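Read-outs throughout are calculated quantities, based only on the coordinates presented, and are distinct from any laboratory measurement. Remember, it's a predicted structure, so these values are computed and weren't measured experimentally. All Cβ positions, glycine included, derive from the backbone under ideal geometry; neighbour counts span all protein chains shown.
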Amino acid sequence: MARRGYSRPRFPSPHPIKINLILIFAFFFLVFIFHSRQWHLPDDEQKQQTFFHNGSQTDQMADADLWDAPHSYGLRPCVKPTSRYKAATGWDHYMTVRSNGGLNQMRTGIADVVAVARIMNATLVIPQLDKRSFWHDSSTFSDIFDEIHFIETLREDVKIVKELPLELANVPRARKHFTSWASTSYYEDMTQLWKEYQVIHVAKSDSRLANNDLPLDIQRLRCRALYHALRFSPPIESFGKKLVERLRARGGKYIALHLRYEKDMLSFTGCSYGLTEEESEELRIMRENTNHWKVKTINSTEQRLGGFCPLTPKEIGIFLRALGYPPSSLIYIAAGEIYGGNTRLLELTSRFPNIVFKETLASQEELKAFTNHASQTAALDYVISVKSDVFVPSYSGNMARAVEGQRRFLGHRKTITPDRKGLVEVFDMLENGQQTEGSSLSHIIKTMHKNRKGAPRRRRGPLPEMKGRARLRTEESFYENPYPECICAPKKHLG
Ligand SMILES: *[C@@H]1O[C@H](CO)[C@@H](O)[C@H](O)[C@H]1NC(C)=O
Ligand SMILES: *[C@@H]1O[C@H](CO)[C@@H](O)[C@H](O)[C@H]1NC(C)=O
């Protein structure tokens with residue numbers, strides 16, 4: 001739960017010197033254009049006026065800084081297998097899977113087991129989805145995903161079948177809890193199981209593969225599985241698209257805010273900053289009574305100072321204003337029910353009145369089909385978040401990581417990751433009067449987030465002080481940043 005706080009900055013690999021030269025050249029070119037306009041249109045008063053005042057250059061630059069994707073140096077998705085890769089043939093060994101967790105834990109877990117099935121030469125049976133998790137969702141694989149597309153897209157990689165062949169339904173299965181963050185050699189050893197069993201049942205699908213040091217073809221297969229094969233079912237895809245169109249019709253650009261301020265999250269993290277006594281007590285009791293949450297006593301103050309708490313709606317409001325987003329900005333809230341309801345939301349909507357929810361964009365009638373299925377509403381939020389101009393998660397988690405990763409993959413769309421630990425210090429200065437909302441606060445917060453906008457960088461390795469298997473846990477998730485394996489530099493033109 002306590003995610004690592006990295007401080008090591010890394011630079012993207014494309015030759016920085018060359019890029020600097022290009023930028024300097026571009027700068028002089030712009031200066032030249034600017035001057036030639038002045039020389040060549042001296043009497044065109046009207047035009048000059050518009051040029052300097054209406055869409056003035058600084059305004060446009062500020063606007064681009066708010067809404068445009070960071071420079072991506074021509075990097076592109078690359079998921080094609082290498083020339084060594086062989087098409088899968090049918091295998092008479094089968095792998096059944098129970099996928100665990102919420103929507104995005106299941107999605108990335110399924111991408112992992114696709115790769116595991118490939119390594120172990122197994123035919124994969126369409127995974128069963130988690131119905132017992134906190135979200136109690138009865139949706140099946142084909143309710144959420146386009147099953148035929150999944151099978152077809154991965155045809156060359158792994159054979160996938162809808163169900164176990166009838167004659168194998170009752171044979172004894174090897175029931176395995178594969179170790180987390182495993183290597184290819186671990187799974188190659190596991191093929192020993194085929195000597196005794198024809199079916200292996202995988203009890204958990206999340207994080208079954210290491211983030212790093214796997215063959216390139218396995219990493220690319222994970223990307224093909226997640227970004228190409230695991231498409232949402234047609235009703236979710238088309239409704240998601242419709243909601244995006246309605247958002248665009250309201251104002252063009254929008255921010256998707258993953259406002260992780262739901263009751264379960266606050267209870268789990270033990271974060272009661274800004275809540276009433278009764279609310280804190282309610283959350284404490286919920287934590288006490290939830291068996292699978294192991295940590296029961298949490299000091300909320302320490303948790304917050306460590307940067308381990310979701311930002312509150314008020315904090316998010318201050319944060320986005322400080323970054324320069326105007327009050328009229330359109331913000332879509334990708335989240336479940338906000339704890340404390342409208343009263344707490346008011347602290348955000350007072351700064352950004354143009355806030356919308358699914359319920360603002362669609363009728364009860366339209367939403368009816370989705371709202372009783374947590375995974376399906378989460379899928380709609382996912383679609384809308386990936387397509388937004390700006391994505392801001394108020395807390396890290398499977399959804400935030402998956403959305404960030406896909407946005408990087410699709411062309412480094414802007415994702416602003418709040419530096420929660422740094423921000424808490426600033427918010428406390430506001431609270432005790434050492435700072436006020438305004439340009440100096442804005443300067444501090446902008447500087448703090450200069451390198452947290454989703455620009456290209458390599459995936460971070462383990463924390464330096466970590467040894468052995470513990471190190472695997474501290475690596476940045478493959479699905480949060482599939483660079484360099486699935487994002488490549490443009491081909492160099494030789495000669
Ligand atoms: C899987 O099958 C291929 C092709 O028959 C073979 O070369 C490879 O060794 C097999 N892998 C394992 C782990 O058994
Ligand atoms: C929680 O931690 C803070 C800061 O370390 C400390 O001042 C406070 O007394 C702690 N509260 C409890 C209830 O232990």
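For Ser183, are the conditions met, namely being within 25 Å of Ala378 (Cβ to Cβ), small (Gly, Ala, Ser), surrounded by fewer than 19 Cβ atoms within 10 Å (Cβ to Cβ) and more than 16 Å from ligand 2 (Cβ to nearest atom)?
Taking the combined requirement at face value, the residue does not satisfy it.
Which is within 16 Å of ligand 1 (Cβ to nearest atom), assigned to a helix (DSSP H, G or I) and under 21 Å from the mean Cα position of the chain (by Cα), of Leu247, Leu221?
Criteria check complete, one pass: Leu221.
Quick one: Glu188 ticks every box in (1) farther than 30 Å from Glu167 by Cβ; (2) over 21 Å from the mean Cα position of the chain (by Cα); (3) surrounded by fewer than 19 Cβ atoms within 10 Å (Cβ to Cβ) except a single one, so which number is it?
Result: Glu188 fails condition (1) only.
Got a number for residues in segment 282-327 being within 16 Å of ligand 2 (Cβ to nearest atom), in contact with a Phe, Trp or Tyr (Cβ under 7 Å, 6 or more places away or on another chain) and touching a residue at least 24 places away in the same chain (Cβ under 8 Å)?
So the count comes out to 3.
Report whether or not Ile331 is more than 16 Å from ligand 1 (Cβ to nearest atom), within 30 Å of Ala249 (Cβ to Cβ) and surrounded by 21 or more Cβ atoms within 10 Å (Cβ to Cβ).
Yes: the conditions hold for Ile331.
Tell me the residue from Ile144, Ile218, Ile200 that is closer than 30 Å to Ala369 by Cα and among the β-branched types (Val, Ile, Thr), please.
Of Ile144, Ile218, Ile200, the one residue that is closer than 30 Å to Ala369 by Cα and among the β-branched types (Val, Ile, Thr) is Ile144.
Name the residues in segment 282-303 that are in a helix (DSSP H, G or I) and either of a type in the set (Val, Ile, Thr) or out of contact with any Ser or Thr (no Cβ under 9 Å at 6 or more places or on another chain) (or both), would you?
Ile285, Glu288, Asn289, Thr301, Glu302 - these are the residues of segment 282-303 that are in a helix (DSSP H, G or I) and either of a type in the set (Val, Ile, Thr) or out of contact with any Ser or Thr (no Cβ under 9 Å at 6 or more places or on another chain) (or both).
Within segment 143-175, how many residues turn out to be of a type in the set (S, T, N, Q) and surrounded by fewer than 14 Cβ atoms within 10 Å (Cβ to Cβ)?
1
Within segment 162-179, can you find the residues that are without any contact (Cβ under 8 Å) to a residue 40 or more places away in the chain and either assigned to a loop (DSSP other than H, G, I, E, B) or away from ligand 1 (no atom under 16 Å from the Cβ) (or both)?
Lys162, Glu163, Leu166, Glu167, Ala169, Asn170, Val171, Pro172, Arg175, His177, Thr179
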